[in-house]
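Here's the structure we're looking at; comments come further down.
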Amino acid sequence: MTRYEPADIHFLGIGAEKSGTTWLFEMLNRHPNVYMPAEKELYYFNRYYWHRPNIKNYRFDKPDSWYLSFFDEARAENVKGEVCPAYICDDQAAAKIFSFNSNIKLIAVLRDPVERAFSQYLYYIQLGEYATKQTFEESLKKDQQMLLRGLYAQQLKRYYSLFPRENILVALLDDLKKDSKEFLIQIERFLGLEEYIPESVHETVNVTGVPRYPILNRVYAAGKYLTRKYSMVGLLNVLNRIGVARGFEFLRSKNVRPIPVKQSPDMKTVKTLKDYYRSDIEQLEDLIKRDLRAWK
């Protein structure tokens, strides 16, 4: 077992949520020279919980040694990193990451912000964060974070202001859908890895479904919210240590079935959202030097 320093962590996948980060984690995890913690999404650099921005994340204040301990089993020659989509949207994550390792490489995978918002809505129903009868429009009114997370230019400017441009790779889910093999090669080259294409490169992962028994996921989501809201960190640690938390997560992952009918947002809502995001998309085009007219 080796104890590493912050400079030994080579990369972070910083987001965005519901934009292909689980696929990115799965593919890089299959590379023979990449080491990532078994627990995807360590939530170390985000000050607030990814879906509860009013609740402080207790992991944010843990020492670097806590975070680095997740890499103890890595070999020295491994390219080491983590994928956590909560980092791109947290307003303090970029500064903390820079303080941790100013030379780290950052990967952001982005998706049409309207599609991303609707996908998040469906995913939160699956998790039990939203009631099954809650409409997309109701969710947009109740949860402003669903909208704000699609303001990619605003979020990425924090990173570009700190890190050298050559250390940031912004990729698009559109490209992943067109050619997943070439998409992965682009990531591997950015990380200085030898090309390795797993047989599962064309697989779709983390597909959103609907809960078989919605009440189970709603109760679990409410329990997690209350333990975090009232800072019951000790209880959380005990539940994690004895495996209860993982057991609940496993049950929730199994309490899901495919969406019976493909769903899409109301076209009037789509138009409203496209108008909302247009200015940020235009700023993003200038920032990453990509034509994003398909998103407008």
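Counting only residues that are in a loop (DSSP other than H, G, I, E, B), hydrophobic (A, V, I, L, M, F, W, C) and farther than 16 Å from residue 192 by Cα, which one in region 1-35 is least open to solvent (accessible area, probe 1.4 Å)? Once the filter is applied, the top-ranked residue is 16. Is it fair to say residue 49 is within 18 Å of the chain's Cα centre (by Cα), within 30 Å of residue 295 (Cα to Cα) and of a type in the set (Ser, Thr, Tyr)? Against the criterion (within 18 Å of the chain's Cα centre (by Cα), within 30 Å of residue 295 (Cα to Cα) and of a type in the set (Ser, Thr, Tyr)), residue 49 qualifies. Inspection of region 85-105 finds no residue satisfying the criterion of being under 19 Å from residue 23 (Cβ atoms), in a loop (DSSP other than H, G, I, E, B), among the basic types (Lys, Arg) and open to solvent by 10 Å² or more (accessible area, probe 1.4 Å). Every residue in region 43-70 that is in a loop (DSSP other than H, G, I, E, B) and modelled with pLDDT of 90 or more, please. Across region 43-70, the qualifying residues are 43, 44, 45, 46, 47, 62, 63.
Being out of contact with any Asp or Glu (no Cβ under 7 Å at 6 or more places or on another chain) and at positive phi holds for only one residue in 58, 43, 49, 35, and it is 43.
If you go through region 162-193 one residue at a time, how many are open to solvent by 60 Å² or more (accessible area, probe 1.4 Å), at negative phi and in contact (Cβ under 8 Å) with a residue 40 or more places away in the chain?
Let us first name the residues in region 162-193 that are open to solvent by 60 Å² or more (accessible area, probe 1.4 Å), namely 162, 165-166, 177-179, 181-182, 186, 189, 192.
Restricting the remaining residues to those that are at negative phi gives 162, 165-166, 177-179, 181-182, 186, 189.
Next cut, in contact (Cβ under 8 Å) with a residue 40 or more places away in the chain only: 162.
So the count comes out to 1.
The single condition among (1) within 17 Å of residue 101 (Cβ to Cβ); (2) surrounded by 15 or more Cβ atoms within 10 Å (Cβ to Cβ); (3) not hydrophobic (A, V, I, L, M, F, W, C) that residue 63 does not satisfy is (2).
Counting only helices (runs of 4 or more DSSP H) that fall entirely inside region 126-173 and contain at least 2 residues that are out of contact with any helix residue (DSSP H, G or I) (no Cβ under 7 Å at 6 or more places or on another chain) and modelled with pLDDT under 95, the qualifying elements are 136-142, 144-148. The sole residue among 110, 106, 68 that is over 30 Å from residue 287 (Cα atoms) and in contact with a Phe, Trp or Tyr (Cβ under 9 Å, 6 or more places away or on another chain) is 68. Consider residue 77 carefully, then state whether it is within 21 Å of residue 187 (Cβ to Cβ), surrounded by fewer than 23 Cβ atoms within 10 Å (Cβ to Cβ), at pLDDT 95 or above and not β-branched (Val, Ile, Thr). Criteria met by residue 77. Do we have residue 39 as surrounded by fewer than 19 Cβ atoms within 10 Å (Cβ to Cβ), under 15 Å from the mean Cα position of the chain (by Cα) and not in a loop (DSSP other than H, G, I, E, B) here? Taking the combined requirement at face value, the residue does not satisfy it.
The values are calculated or read from the model by the stated rules, or taken from the named source; none is laboratory data. Everything numeric here is computed off the predicted structure, so don't read it as measured data. All Cβ positions, glycine included, derive from the backbone under ideal geometry; neighbour counts span all protein chains shown. The protein model used for the area step is the full one, side chains on, heavy atoms only, and it has no ligands, DNA or RNA in it. Shrake-Rupley method; radii C 1.70, N 1.55, O 1.52, S 1.80 Å.
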